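Participant: Submitted below is the structure of interest, expressed as structure tokens.
The values are calculated or read from the model by the stated rules, or taken from the named source; none is laboratory data. Note that the coordinates shown come from a computational prediction; the quantities given were computed from them, not determined experimentally. When we count neighbours, we look across all protein chains shown, and the Cβ atoms used for this are built from the backbone with ideal geometry, even at glycine. Ligands, DNA and RNA are excluded from the accessible area calculation, which covers all protein heavy atoms including side chains. Shrake-Rupley method; radii C 1.70, N 1.55, O 1.52, S 1.80 Å.
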Amino acid sequence: MNILLTGGAGFIGSHTAVVLLESGHDVVVLDNFSNSKPSVLDRIEAIAGRSCPCENADLLDEAAVRDVFDRHGFDAVVHFAGLKAVGESVEKPLSYYANNLIGTIRLTEAMAEHGVKDLIFSSSATVYRADNPVPYHEDDALGATNPYGRTKVMIEQILRDVCAADPQWSVALLRYFNPIGAHPSGRIGEDPNGIPNNLLPYVSKVAAGELPVIHIFGDDYGTPDGTGVRDYIHVMDLAEGHLLALEYIRERKGAFPFNLGTGKGYSVKEVIAAFERACGRPLPVEIDARRAGDLPIVYANADLARAELGFSAKRDLTEMCADAWRWQQRAWSGQ
Ligand code: NAD
Ligand code: UDP
């Protein structure tokens with residue numbers, strides 16, 4: 001297949017590009033580099049040993065998106081492009097609604113015009129209403145608590161409506177849990193701008209000496225060690241999930257939500273301990289207040305993806321931390 005990856009220069013997109021190229025598919029990346037760098041394309045090509053053409057375009061630019069579709073015969077699209085910082089979405093809701101919603105609508109219109117109706121969408125565990133019992137199941141009630149999460153709930157609904165209106169569409173709504181880690185080569189990984197919001201990139205930067213101390217947001221939750229529990233999944237497992245989802249939707253029509261997680265939760269303290277083993281030294285920590293809006297425990301019921309896609313995460317927390325640390329050391333040394 002010839003597959004368009006919107007946001008393909010970003011964290012999850014770059015790893016998925018490698019997996020798709022290595023499995024023999026052709027890949028075109030479309031990115032505006034608002035949260036990534038063009039140099040990642042060279043590293044994708046070096047790892048995969050194949051070329052990965054890139055279109056420097058913004059999804060909000062209707063003419064540019066149409067032009068990209070005019071020049072490439074795509075068979076399917078994986079739509080990663082979007083803004084993703086929860087806190088920023090509270091401060092700048094209109095940027096999030098404009099970029100994520102209008103970007104998706106422009107993309108979907110261009111796809112329809114060009115007869116491309118197979119789509120994988122990057123959704124999130126954040127679409128689940130906070131009062132659902134864990135583990136979250138695909139049938140659980142939806143409802144997010146911040147503008148970022150609401151864009152994901154709304155886009156899922158828009159795509160379901162598109163499938164209902166035109167039975168030729170086939171859409172996978174992949175609800176990612178907490179992707180971490182990096183490609184084992186250490187050549188691509190997560191490269192957030194500024195001070196990271198998420199736990200793993202923050203811990204990596206403390207280990208690299210770029211930040212002084214890890215702040216643990218609360219140790220008084222009703223969890224075994226009192227710290228928050230999440231379902232961390234290796235980004236390479238997640239990337240491989242996209243290949244399985246593409247194969248799945250080729251054979252079916254409709255909208256299909258899937259959790260992509262491991263089905264297992266780790267606490268903040270367990271993650272820090274695993275990272276300490278990876279980097280070989282103790283890391284400074286400080287217990288802070290709970291972060292507003294955080295839930296005590298979030299993890300996936302991973303049964304549906306296993307049964308339908310044949311998906312199961314293979315890499316454990318040790319490997320996630322080892323790969324994240326290898327990437328951090330390379331990124332730090334200017335690679
Ligand atoms: P990322 O920021 O690394 O990648 C997103 C890419 O999209 C970036 O390269 C950015 O430059 C590009 N982009 C943004 N707006 C664009 C636009 N209008 N036009 C063209 N390109 C645009 O993020 P990521 O972690 O790789 O996440 C990918 C997707 O997965 C996002 O939709 C995100 O919401 C979703 N997701 C991520 C996580 C996570 O923890 N990383 C969890 C759940 C869901
Ligand atoms: N967390 C923390 N310190 C940080 C960042 C996160 O203690 O600097 C905790 C957070 O409270 C949550 C877990 O780590 O329990 C994962 O947070 P992250 O922001 O990575 O993911 P999300 O909250 O989106 O699941």
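Participant: Where only protein heavy atoms count, and the probe is 1.4 Å, what is the accessible area per residue for region 12-60 in Å²?
Facilitator: On the way: 1880 Å² over 49 residues.
Per-residue accessible area for region 12-60 comes out at 38 Å².
Participant: On a 0 to 90 degree scale, rounded to 10, what angle separates helix 103-113 from the longest Cα axis of the chain?
Facilitator: Helix 103-113 sits roughly 30 degrees off the main axis of the chain.
Participant: Take every DSSP beta bridge whose two residues both sit in region 122-259, then give the antiparallel share in percent to the nearest 5. Walk me through the numbers before you get to the answer.
Facilitator: Numbers: 1 of 13 bridges.
Approximately 10 percent, going by the DSSP bridge assignments.
Participant: Could you look at the chain and say what percent of its accessible area is carbon and sulfur, using a 1.4 Å probe and all protein chains? Please report the intermediate quantities before stating the final value.
Facilitator: Details: 7000 of 13830 Å².
Looking at the chain in its full context, I get 51 percent from C and S.
Participant: At 1.4 Å probe size, with every protein chain present, just tell me what the per residue accessible area of region 243-335 comes to in Å².
Facilitator: Working: 4850 Å² over 93 residues.
Value for region 243-335: 52 Å² per residue.
Participant: Here's a follow-up. Rank-order 211-218, 75-82 by packing density, defined as the average count of other C-beta atoms within 10 Å over each peptide's residues, highest first.
Facilitator: Details: 211-218: 15.6, 75-82: 24.4.
The packing order, highest mean first, is 75-82, 211-218.
Participant: Do any of Lys117/Lys264; Lys37/Lys253; Lys92/Lys205 go past 30 Å between their Cα atoms, and which? Let's see the in-between values first.
Facilitator: On the way: Lys117/Lys264 34 Å; Lys37/Lys253 35 Å; Lys92/Lys205 26 Å.
Check vs 30 Å cut-off fails for Lys117/Lys264; Lys37/Lys253.
Participant: Treating the angle as unsigned and between 0 and 90°, give the value, to the nearest 10°, between the Cα long axis of helix 147-165 and the longest Cα principal axis of the chain.
Facilitator: Once rounded, one gets 30 degrees.
Participant: If region 50-115 were replaced by its equivalent ellipsoid, with semi-axes equal to the square roots of 5 times the Cα gyration tensor eigenvalues, what would those be, largest first, whole Å? Please list the in-between numbers first.
Facilitator: Numbers: eigenvalues 123, 37, 20 Å².
Equivalent-ellipsoid dimensions as semi-axes: 25, 14, 10 Å.
Participant: Still on this structure: For region 78-184, what does the accessible surface come to per residue with a 1.4 Å probe? Please give it in Å². Can you show the working numbers first?
Facilitator: Working: 4150 Å² over 107 residues.
Ligands and nucleic acids excluded, the figure is 39 Å² per residue.
Participant: Related question: Kindly work out what percent of the DSSP beta bridges joining two residues of the chain are antiparallel, to the nearest 5. Before the final figure, lay out each step's value.
Facilitator: Details: 3 of 41 bridges.
Just about 5 percent of them are antiparallel.
Participant: Turning to a different aspect of this structure: What figure, in Å² to the nearest 10, do you get for the accessible area of His114 with a 1.4 Å probe and non-protein molecules left out?
Facilitator: Here the accessible area works out near 60 Å².
Participant: Continuing with this model, one more query. Over 36 Å apart: what share of the alpha carbon pairs of the chain falls there, rounded to a whole percent?
Facilitator: Working: 8083 of 55945 pairs.
Here the long-distance tail beyond 36 Å is 14 percent of all Cα pairs in the chain.
Participant: Let me ask something else about it. Which whole-number percent gives the relative contact order of region 214-335, counting Cα pairs below 8 Å spaced six or more residues apart? Let's see the in-between values first.
Facilitator: Details: 161 pairs, mean separation 47.9, N = 122.
Worked out over region 214-335, it gives 39 percent.
Participant: Further, regarding this structure: If you fit an axis through the alpha-carbon atoms of helix 235-250 and take the longest principal axis of the Cα set of the chain, what angle between them do you get, 0 to 90°, nearest 10?
Facilitator: 30
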